[in-house]
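Since the structure comes first, as structure tokens, the remarks are kept for the end.
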Amino acid sequence: MDNNYATSNAPMNEPPPREPRGGKRLPFSGWWPVGFGAFAGLLLRLVYMGLPGEPYSAMLGSFIMGSPILVGAVTVYLAELEERRTWGYYFVAPVVATVLYIVGTLALMIEGWICAIVIIPLFALLGGLSGLAMGAVCRMTKWPRQNVVTCVALLPLLGGAFEHRVPNADRVRTQTRELIVAAPPDAVWRELVDTRDIRPGELESAWLYRIGVPLPSEGAGEFRDGEHLRHITMGRGVHFDQVAVDWEENHRVSWRYRFSADSFPPGALDDHVRIGGQYFDVVGSSFELTAEGAGTRVTTNMSYRVSTHFNWYAGPVADLLVGDFLENLLGFYGQRAATSQEDTSS
């Protein structure tokens, strides 16, 4: 009687936790969930093919946050169906899956190198944390929960349909850098307002150019129709003008930027980071020259706009890249001015 009672009241809806499987396996056979996790992210990216400002744009927070979270959840869920995994696996496997997913977008030419390199740290971190969370759910419930993965997949799909109606937050920042140059102000000024024959080795160390922004070839100066101009020419057919809004020869100049319809040919830059686009723009830049002994203190600043639903990440990344760019730019002008001064003296 007691045995029958105990049997009838035993829990029947909760299977025992799965322990690691013993025996030999083929190399890497335990990592198949990583491939499926990467594939899940790639499928979501194919959904998010909307244009800027439209539903399912890849710059929506629903995708930026939801995509790596989905990759991490799917990876760990599928792994737990096979056997209990370690906490290290919960984090590392989703990170690997996320990297493979980004590589897949590059291979299919869905994404460009600039966006891929900029976003990979955030994606990897979110994917790893999502994997840890999914692993904790599996351990607490004693079994992988499909409904959790379903909810994780539905959230970015629902968000992508409506989030575009929420205006982007504009974040305008200014980076300032300065350098003492071994040349007088007039020598520096000549290089600032009319820059010719820029060689790749002179600027390519800046991170902006390392991650795929085309290198400039010249900034040809011209005075036309009452305006001091610099015609900027870069690789891949990129071109635009800088227009002086403040001009004091040998002392300071401030530029605003003028773009035309063909300033950025298709494929020249990732649409997500195109200057003057919905998500990023350069407001203006300036240089100020102050004589210091036989040299010149050159101070430059650049103001730029970042407009996304995840400015908490995009803003600091822009700060880092713009600041590094200005440091390299000052080094470029300083080296050119010092070299031209030496040539003049000799």
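The values are calculated or read from the model by the stated rules, or taken from the named source; none is laboratory data. Remember, predicted model here, so these are calculated numbers, not experimental data. With ideal geometry, Cβ positions are generated from the backbone for all residues, glycine too; neighbour counts draw on all protein chains shown. What goes into the accessible areas is simple: the full protein's heavy atoms, side chains included, and nothing from ligands, DNA or RNA. Shrake-Rupley method; radii C 1.70, N 1.55, O 1.52, S 1.80 Å.
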> Quick one: which of R258, R252 is under 16 Å from T176 (Cα atoms) and in contact with an Asp or Glu (Cβ under 6 Å, 6 or more places away or on another chain)?
Replying inline: R252
> Taking segment 164-206 on its own, how many of its residues are outside any loop (DSSP other than H, G, I, E, B) and either closer than 17 Å to G219 by Cβ or not hydrophobic (A, V, I, L, M, F, W, C) (or both)?
Replying inline: 24
>> Just the residues that are open to solvent by 20 Å² or more (accessible area, probe 1.4 Å) and in contact with a Phe, Trp or Tyr (Cβ under 7 Å, 6 or more places away or on another chain), please, taken from segment 75-98.
In response: L78
> Does F325 satisfy being closer than 15 Å to W255 by Cβ, assigned to a helix (DSSP H, G or I) and among the aromatic types (F, W, Y)?
Replying inline: yes
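Does V118 satisfy being without any contact (Cβ under 8 Å) to a residue 40 or more places away in the chain, β-branched (V, I, T) and either assigned to a helix (DSSP H, G or I) or surrounded by 24 or more Cβ atoms within 10 Å (Cβ to Cβ) (or both)?
No.
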> Hey, among the residues in segment 99-115 that are of a type in the set (V, I, T) and either more than 14 Å from G41 (Cβ to Cβ) or open to solvent by 40 Å² or more (accessible area, probe 1.4 Å) (or both), which one's modelled with the lowest pLDDT?
Replying inline: I114
> Considering segment 122-170 alone, what residues qualify as being surrounded by 17 or more Cβ atoms within 10 Å (Cβ to Cβ) and under 19 Å from G53 (Cα atoms)?
Replying inline: P156, G159, G160, E163, H164, N168
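Would it be correct to say that G331 is buried (at least 18 other Cβ atoms within 10 Å of the Cβ) and small (G, A, S)? Steps first, answer last, please.
Details: buried (at least 18 other Cβ atoms within 10 Å of the Cβ): no; small (G, A, S): yes.
Here the answer is no, as G331 does not meet what is asked.
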> Is it the case that L326 is under 19 Å from E202 (Cβ atoms), open to solvent by less than 50 Å² (accessible area, probe 1.4 Å) and touching a strand residue (DSSP E or B) at 6+ places or on another chain (Cβ under 9 Å)?
Replying inline: yes
> Name the residues in segment 217-246 that are basic (K, R) and either in contact with a Pro (Cβ under 8 Å, 6 or more places away or on another chain) or within 20 Å of F287 (Cβ to Cβ) (or both), would you?
Replying inline: R230, R236
> Which of the residues that make up segment 235-262 are assigned to a loop (DSSP other than H, G, I, E, B), among the hydrophobic types (A, V, I, L, M, F, W, C) and open to solvent by 70 Å² or more (accessible area, probe 1.4 Å)?
Replying inline: A261
> Which one of these does L320 not meet: (1) touching a strand residue (DSSP E or B) at 6+ places or on another chain (Cβ under 8 Å); (2) outside any strand (DSSP E or B); (3) open to solvent by 40 Å² or more (accessible area, probe 1.4 Å)?
Replying inline: (1)
